[in-house]
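Shown next, in structure tokens, is the structure this report addresses.
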Amino acid sequence: MDENYGIAEETGVAEPIDIPDDVPVEGYAKYWLPGWLYDVLKWVGLLAIPAAAAIYTGLASVWGWPAAGEVAQTATIVSTGIGVLLGAAEATKKVF
């Protein structure tokens, strides 16, 4: 278990530990990409775009929709670009 999380007695779920403002923060990573944006891009780039491309490609072959290959290639390129952005954010983190 990560030391930044505690187990809530009521629910048994891991929850982030609240760090008071007067405690010096050491050993925590700082990213140039905000955490919420990182999470959204990770979900979109690793799950939503590939799933949408797979669904469209599969349905295009059944229903005769146009440009299935182009849609799949475009989705792959966009997903790869998002992955590179996320990798750059991870590679450039600073630990304080």
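Bear in mind these aren't lab numbers, they're just calculated from the coordinates by the rules spelled out. All of these numbers come straight from a predicted model, not from anything done at the bench. Glycine gets a Cβ as well: all are built from the backbone with ideal geometry, and neighbour counts include every protein chain shown.
With a point put 7 Å past each Cα toward its Cβ, work out how far ALA48 is from TRP36 in nm, to one decimal.
Distance between label points: 1.4 nm.
Karplus couplings for region 51-67 from phi (6.51 cos²θ - 1.76 cosθ + 1.60, θ = phi - 60°), rounded to Hz, Gly and Pro as x?
Values per residue, Gly and Pro as x: 5, 4, 5, 5, 5, 5, 4, x, 5, 5, 6, 7, 9, x, 5, x, 6 Hz.
How high is the relative contact order of region 35-94, given as a whole-number percent (alpha carbon pairs under 8 Å, six or more residues apart)?
Dividing the mean separation by the residue count of region 35-94 yields 43 percent.
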